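Quick notes on the structure that follows.
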Amino acid sequence: MTACETPVQVNLGSRSYYIHVAASFEELPNVLAPLVEGRRCAVVSNPTVWGLYGGAVSEAIVAAGGTPVAVLMPDGEEYKTLSVFERVMEDCVTAGLDRSSVILGLGGGVVGDMAGFAAASYMRGIGLVHLPTTLLAQVDSAIGGKTGVNLVSGKNLVGAFYQPRAVYINWKTLASLPEREMRAGFAEVIKYGMIADAALWELLEETTAPVMAAISAHAPLPEVVGEIIRRCCEIKAGVVAADECESGVRAILNYGHTFAHAIETLTRYRTYVHGEAVAIGMHAAATYAHALGLCSAELVARQRAVIEAAGLPTRLPRVNVDELMAAFARDKKARGGSLTFILPEAIGRVKVVHGCDESLLRSTLTALQA
Ligand code: NAD
Ligand code: GLY
């Protein structure tokens with residue numbers, strides 16, 4: 001794939017923007033020039049990612065006529081907090097950012113959520129560009145405008161919808177991503193195939209195992225990775241354009257996530273990274289859908305095969321089913337009153353189901369632990 005061929009548009013009227021999917025940072029100056037020329041640019045990142053890509057991004061900002069300054073936060077979900085947010089804001093003041101300045105988020109979803117919320121808040125809103133460097137961020141968190149931080153009481157409880165002016169994905173940055181993070185990001189890729197695109201699904205059936213083999217062998221990432229990321233971006237862009245603030249169809253992006261959130265809560269976020277919990281959640285959702293008569297056993301088996309080819313788990317951990325049901329109920333409260341499951345009907349098509357068949361759900365969960 002050549003750099004920046006046909007960017008993907010997120011169509012939101014006057015707030016529309018492009019997602020550039022490229023195999024290097026070569027085209028970044030051209031993309032940035034109209035957004036940063038003559039402006040101060042705070043690159044919000046963490047020491048890990050800054051050490052790898054901060055130099056290339058700073059050079060691109062200079063080439064685009066901007067003035068880069070690094071604003072670093074510590075690496076880790078536990079730092080996606082209001083106190084770190086406050087420090088980021090103070091660093092922006094120290095760096096001399098004004099209302100014409102731009103924030104660039106360079107990193108995974110943690111950095112992106114922080115950078116986005118910082119851009120939404122600093123002087124009541126300044127320009128934002130996402131430069132995602134994890135697979136999860138490239139296919140999901142950098143697109144669609146969800147920004148924010150965690151509270152002690154729960155994840156992502158404070159934030160804003162705030163769209164970037166551009167997203168630039170250099171997918172070759174994934175070469176340095178730890179293997180476990182790469183596999184976890186694949187859970188979201190699998191999600192897109194199942195919710196929206198039978199052709200992507202077939203591509204994943206063909207390529208997941210060889211892509212993972214290349215990653216395990218530390219071989220160069222196959223070009224198909226760029227193709228897969230681009231297709232995921234197109235799907236997410238379409239969903240966000242149809243329902244920016246999640247009052248309807250955007251909920252399908254939560255496929256597997258009701259189960260995942262409950263599993264993450266009950267295992268205290270220690271056993272699984274998010275994508276692993278999503279993988280278990282998708283298998284649980286499909287198994288429950290089959291029990292309800294919504295989808296075939298073949299679909300469940302095909303999904304399981306791709307999840308396993310990605311090296312992701314499907315088995316539900318040994319947690320108390322009553323506690324899982326209670327966690328679903330808390331999720332329902334958090335989401336405004338209705339317990340909602342996104343369930344597959346066919347490959348590439350899901351259904352939003354409100355409420356649940358409690359005894360069937362309980363027996364499905366029990367069977368999945370066996
Ligand atoms: P992350 O941001 O913590 O990144 C994972 C690890 O990879 C970190 O240690 C990071 O420093 C490192 N890293 C990043 N890029 C690298 C690279 N190219 N090479 C080497 N190391 C690299 O995790 P994540 O999975 O990207 O994001 C998770 C966060 O995203 C969560 O906070 C979640 O709430 C959020 N999220 C947001 C949205 C949204 O729509 N805004 C959607 C999904 C998830
Ligand atoms: N990650 C789900 C969404 O962006 O809506």
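Do we find a residue being at pLDDT below 95 and charged (D, E, K, R) anywhere in the range 237-247? Within the range 237-247 (the criterion being at pLDDT below 95 and charged (D, E, K, R)), the answer is yes, since at least one residue qualifies.
Considering only residues in the range 89-120 that are away from ligand 1 (no atom under 15 Å from the Cβ) and in a helix (DSSP H, G or I), the one that is surrounded by the most Cβ atoms within 10 Å (Cβ to Cβ) turns out to be CYS92. Apart from one condition, GLY148 fits all of (1) within 9 Å of ligand 1 (Cβ to nearest atom); (2) in a helix (DSSP H, G or I); the exception is (2). On the given criteria, is VAL129 more than 16 Å from ligand 2 (Cβ to nearest atom) and assigned to a strand (DSSP E or B)? Yes: the conditions hold for VAL129. Just one of the listed residues (GLY66, GLY55) is surrounded by fewer than 18 Cβ atoms within 10 Å (Cβ to Cβ) and away from ligand 2 (no atom under 16 Å from the Cβ), namely GLY55. Among the residues of the range 133-158, those that are within 13 Å of ligand 2 (Cβ to nearest atom) and on the phi < 0 side of the Ramachandran plot comprise LEU136, ALA137, GLN138, VAL139, ASP140, SER141, ALA142, ILE143, LYS146, THR147, LYS155.
Taking the criterion of being without any contact (Cβ under 8 Å) to a residue 60 or more places away in the chain, within 23 Å of GLY54 (Cα to Cα) and open to solvent by 60 Å² or more (accessible area, probe 1.4 Å), the residues of the range 129-178 that qualify are ALA175, PRO178.
Any residue that is among the aliphatic types (A, V, I, L, M), away from ligand 2 (no atom under 13 Å from the Cβ) and under 28 Å from THR258 (Cα atoms) - is there at least one of those in the range 88-107? No, that holds for no residue.
Rundown of residues vs (1) touching a helix residue (DSSP H, G or I) at 6+ places or on another chain (Cβ under 9 Å); (2) β-branched (Val, Ile, Thr), yes/no style:
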site	(1), (2)
ALA118	yes, no
LEU128	yes, no
LEU136	yes, no
SER153	no, no
LEU157	yes, no
PHE161	yes, no
VAL167	yes, yes
LEU177	yes, no
ARG180	yes, no
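A count restricted to the range 221-247 and to residues that are within 12 Å of ligand 2 (Cβ to nearest atom), of a type in the set (Gly, Ala, Ser) and without any contact (Cβ under 8 Å) to a residue 60 or more places away in the chain stands at 2.
The values are calculated or read from the model by the stated rules, or taken from the named source; none is laboratory data. Computed from a predicted model, the values in this text were never measured in an experiment. We place every Cβ from the backbone using ideal geometry, glycine too, and count neighbours over all the protein chains shown. Protein only, heavy atoms only, side chains kept; ligands, DNA and RNA dropped before computing areas. Shrake-Rupley method; radii C 1.70, N 1.55, O 1.52, S 1.80 Å.
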